[in-house]
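Working notes, beginning with the structure itself.
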Amino acid sequence: MGILTGKTILITGAGRGQGRAHAIAAAEAGADIVAIDVCSPVGGVEYDLASPEDLQRTVELVESLDRRIVSTVADVRDSQAISSAVDKGVSTFGAIDGVVANAAVLDWGPKLWEISEEMWTTVIDINLSGVWRTVKAVAPHMIAARSGSIVMISSINGFEAAFDYTSYVAAKHGVIGLMRNAALELAPHNVRSNAVCPGAIDTKIWNNPMGYAQFNPGQATTREDAVDACYAYPALAGRTALPSRAVSNAVCWLLSDLAEHVTGIALPVDGGHLVQPGWNMDPQRTGAEAERYRPPATTP
């Protein structure tokens, strides 16, 4: 008996990457799955998103574990599409016991004053408003059942700033606020709400030339270079970009009755990145400002 036996879990962004890993881990733990993905390009996003074939592969992998799954192509920017996918899951399995609001995109590169209006709107609409739409669609069913667990996927960038992806950082901070208010407002209905906050995870968002450059600034941008550079990111020995399953293990625990008294937390899965003392990734050693603040040759 797995920790999710008898439960139905809805997962957005389930076509590949973390979403697929969550679906497989939940199925291994005994759950049936409602899988949702946009399965098409999104304007302005410079890396490939999941395809219909990717989503079908998730279906096949879950079914190979002898679990049931229904899949829907839907965009988290479309409230009606998400509501229809939720209704499909409820009509197929009788209930939705847990939801993993995972779908997200990343806009690498521009400084905050360079972000286009279109790209800002896209990232916020998917990464924050899409989480809200997903929770909004499933919450009434959980309230009626007086039971349920919601897991929102934020990021360690829900806690800390980072160069060159302000829209992502802003959205992931917002997810933590949304999670906390959902925990507060759903608690009287015995519905729990938590967030998982991944660090560097080896998925398509990280595993592309733009991702490599972010973790290895000014250096060669092969996967091997980035993997080597990323050993400096976690605190725990021997870790670089973590596997998706590291996040899925935390997700499944929060979905399960093992966490039945846990609500309102934001759980980092980052190899200890957040406990490390910070350092300036872009030190300015020359120029008038550097001279202004340079200490004297001898100090008292």
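The values are calculated or read from the model by the stated rules, or taken from the named source; none is laboratory data. Since the model is a prediction, treat every value here as computed from it, not as a measurement. All Cβ positions, even for glycine, are placed from backbone atoms using ideal geometry, and neighbour counts span all protein chains on display.
For residue 126, are the conditions met, namely being touching a strand residue (DSSP E or B) at 6+ places or on another chain (Cβ under 8 Å) and not basic (Lys, Arg)?
Criteria not met by residue 126.
Let's see how each residue does on (1) assigned to a helix (DSSP H, G or I); (2) over 19 Å from residue 102 (Cβ atoms):
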{"site": "247", "(1), (2)": "yes, no"}
{"site": "267", "(1), (2)": "no, no"}
{"site": "278", "(1), (2)": "no, yes"}
{"site": "281", "(1), (2)": "no, yes"}
{"site": "285", "(1), (2)": "no, yes"}
{"site": "296", "(1), (2)": "no, yes"}
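Hey, any hits in the stretch 250-264 for a residue that's among the acidic types (Asp, Glu), within 28 Å of residue 9 (Cβ to Cβ) and in a helix (DSSP H, G or I)?
Checked against the condition, which is being among the acidic types (Asp, Glu), within 28 Å of residue 9 (Cβ to Cβ) and in a helix (DSSP H, G or I), the stretch 250-264 yields at least one hit.
Look through 46, 60 and report the one residue that is in a loop (DSSP other than H, G, I, E, B), surrounded by fewer than 17 Cβ atoms within 10 Å (Cβ to Cβ) and at negative phi.
46
Say we look at the stretch 115-141 and pick out the residues that are charged (D, E, K, R), under 17 Å from residue 45 (Cβ atoms) and in contact (Cβ under 8 Å) with a residue 24 or more places away in the chain; which of these is surrounded by the most Cβ atoms within 10 Å (Cβ to Cβ)?
If we take residues in the stretch 115-141 being charged (D, E, K, R), under 17 Å from residue 45 (Cβ atoms) and in contact (Cβ under 8 Å) with a residue 24 or more places away in the chain, then 125 is surrounded by the most Cβ atoms within 10 Å (Cβ to Cβ).
Among the residues of the stretch 71-103, count how many are within 22 Å of residue 126 (Cα to Cα) and either touching a Lys or Arg at 6+ places or on another chain (Cβ under 8 Å) or among the charged types (D, E, K, R) (or both).
Count: 10.
Run down 187, 183, 246, 237 and say which single residue is without any contact (Cβ under 8 Å) to a residue 24 or more places away in the chain and not hydroxyl-bearing (Ser, Thr, Tyr).
After applying the criteria, what remains is 237.
Let me spell it out: the conditions are (1) assigned to a helix (DSSP H, G or I); (2) over 29 Å from residue 143 (Cβ atoms); (3) not basic (Lys, Arg), and residue 39 meets all of them except one. Which number is the exception?
Condition not satisfied by residue 39: (1).
Would you be able to tell me the number of residues in the stretch 26-57 that are under 22 Å from residue 94 (Cβ atoms) and in contact with a helix residue (DSSP H, G or I) (Cβ under 9 Å, 6 or more places away or on another chain)?
So the count comes out to 10.
Name the residue, out of 260, 185, 160, that is under 18 Å from the mean Cα position of the chain (by Cα) and surrounded by fewer than 19 Cβ atoms within 10 Å (Cβ to Cβ).
160
Which one of these is touching a residue at least 12 places away in the same chain (Cβ under 8 Å) and within 18 Å of the chain's Cα centre (by Cα): 34, 86, 62, 70?
34
Give the stretch 239-257 a look and list any residue that's touching a Phe, Trp or Tyr at 6+ places or on another chain (Cβ under 8 Å) and surrounded by fewer than 18 Cβ atoms within 10 Å (Cβ to Cβ), or say none.
Hit for the stretch 239-257 is 240, nothing else.
Could you grab me the full set of residues in the stretch 163-182 that are crowded, with 23+ Cβ neighbours inside 10 Å and of a type in the set (Val, Ile, Thr)?
175
Can you name the residue in the stretch 87-107 that is part of a loop (DSSP other than H, G, I, E, B) and acidic (Asp, Glu) and is also surrounded by the most Cβ atoms within 10 Å (Cβ to Cβ) among such residues?
97
Might you check whether a residue that is surrounded by fewer than 21 Cβ atoms within 10 Å (Cβ to Cβ), closer than 29 Å to residue 99 by Cβ, at pLDDT 85 or above and of a type in the set (D, E, K, R) occurs anywhere in the stretch 203-225?
The answer is no, given that none of the residues of the stretch 203-225 is surrounded by fewer than 21 Cβ atoms within 10 Å (Cβ to Cβ), closer than 29 Å to residue 99 by Cβ, at pLDDT 85 or above and of a type in the set (D, E, K, R).
So residue 79 ticks every box in (1) buried (at least 18 other Cβ atoms within 10 Å of the Cβ); (2) over 14 Å from residue 26 (Cβ atoms); (3) of a type in the set (S, T, N, Q) but one. Which box is left unticked?
Checking residue 79 against (1) buried (at least 18 other Cβ atoms within 10 Å of the Cβ); (2) over 14 Å from residue 26 (Cβ atoms); (3) of a type in the set (S, T, N, Q), the one that fails is (1).
Which one of these is over 25 Å from residue 24 (Cβ atoms) and at pLDDT 85 or above: 246, 235, 241?
235
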